[in-house]
Structure formats: C-alpha cells, structure tokens
Amino acid sequence: MADGKALFITLEGGEGAGKSTQIKRVAAALEQMGKQVVVTREPGGSKAAEAMRNLFIAENGAEWPLATQALLMFTARSHHTETLIKPALAEGKVVICDRYTDSTRVYQGYAGGMGLKAIDDIKELAIGDFEPDLTFILDIDPEIGLKRGAGRGNDTDTTFEQKDIEFHQALREGFLEIAEGNAVRCKVIDATQDEDSVAAAILAEVEKRMAA
Ligand code: TYD
C-alpha cells in the first residue's frame, strides 16, 4: 500500500448473490468520499485477460478439463494483477474486483474437485503471496440465488449456472470454509438482506479497514 489509502477489495459469492449491484454502490460511496476507485472483474479486467474471458465463454469453459480452467484463470489473473491491479494500488487507489483467487479455489478447487492444494500451487507460481486486503463473501442459499440470477442475461449464463444444485451448494460451502480459515481478510455478508442493508454492511467494513 503506497500511502495508506490504497486498498484491494474483492467480492465473491455464488450465482445471483448481487455482487455487481453492490460493487457499483460501494464504488459510488467511496468516490463520494473523495477516493480514487478502480472497478474491475475476473476473469478479465485487462485487455489480454478479457480476451481470455471471451475464449472461456465462447468455448463453454465450465466443461473444460479442470486444470485447463484453473490455468487459464491464473494466466488471466497474472496479467490483470501485474498490469492493472498492482499499478493502481501503487498510485494509492482503491481497487474493487468482482471475483478473484477465491473463485478459482471454490469453482475449480472445491466444487470442481481439483483440490485446494493444486490451486494454491498454481497461485504461487502465478501471483505469489498476493491476496486482497479485504474480501466480501456474499452468502446466499443457491436455491434463492439461482432464481435471482436467472434471466439477468449476463454473458456467462451458459457456463456454471447450468450445473446441478449440488455443485452450487458446494460453492457455498467452499466460500464459507475459506472465510473461516481467513477470518481477518474475509467478511461474510448475508446476501438475503435487502440491498440497502447489504450496502451498509459492506461500506461500514471498508471504512473500518481504511481507518485501521
Ligand atoms: P461472471 O459473468 O463474472 O459471473 P458472475 O456474474 O456470477 O460473477 O462469470 C464468471 C464465471 O466464471 C462465474 O460463473 C464464475 C466463474 N469463475 C471460475 O470458475 N473461476 C474463476 O477463477 C473465476 C474468477 C470465475
């Protein structure tokens, strides 16, 4: 962190947890407070990583071999991290990213079945010990989340949303397990609350971290 103001925040969760809405809200609130904010996403974020995202979507990457999925996520992540995230943090900006390494841990490692050790080995090669300062896990029962997410028309509707409910339950368990093991970095938010309450909980935590 360059001057104490920089903060790398990620939002994680299963399908339909409301990440996009909340990212817009927290970014707007921080800008109002005079912070310089960069909103980005994964897979993607940088030009090369967005091209990898497009490949993943066009090919329905959810059906690729797990190692192919994980390696592509970290290839994209390495580029995104080195060319966009780290330079923005070095300028003292707040970076808010829609999904990051925890998504690979959970989608490919935990629910997919590759295992967390394999993911963390690839991570080490790709981005070393780099982790977000603060991660919000937007937690919701997937039965509710999938209904909410349906018809949202996001560009990856054809990938993981089609997996069975057990896969989505495993995603939820995986995120909660990561939160338990990383209690300082991760904050679990009940995403069934109304939108204003979720936004208030997120902002309160961000302000707490900024003051720390
Ligand atoms: P996206 O449209 O960003 O989905 P969402 O709106 O649910 O965030 O698509 C990203 C999809 O790719 C999402 O289903 C999760 C998955 N994914 C992985 O499987 N591994 C990863 O490392 C990342 C970052 C995403």
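Quick look at the numbers
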| item | result |
| --- | --- |
| Residue count, region 159-200 (criterion: within 19 Å of Thr10 (Cα to Cα) and buried (at least 17 other Cβ atoms within 10 Å of the Cβ)) | 13 |
| Selection within region 132-148 - open to solvent by 40 Å² or more (accessible area, probe 1.4 Å) and in contact (Cβ under 8 Å) with a residue 60 or more places away in the chain | Asp133, Ile144, Leu146, Lys147, Arg148 |
| One residue from Glu15, Glu31, Glu42 being among the acidic types (Asp, Glu) and modelled with pLDDT under 95 | Glu15 |
| Selection within region 156-190 - out of contact with any helix residue (DSSP H, G or I) (no Cβ under 6 Å at 6 or more places or on another chain), touching a residue at least 60 places away in the same chain (Cβ under 8 Å) and outside any helix (DSSP H, G or I) | Thr158, Lys163 |
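The values are calculated or read from the model by the stated rules, or taken from the named source; none is laboratory data. Bear in mind that the values here come from a model prediction, so they are computed numbers and not experimental data. Counting neighbours? That spans all protein chains shown, and the Cβs are built from the backbone with ideal geometry, glycine included. Accessible surface is based on the protein model in full, side chains and every heavy atom, while ligands, DNA and RNA are left aside. Shrake-Rupley method; radii C 1.70, N 1.55, O 1.52, S 1.80 Å.
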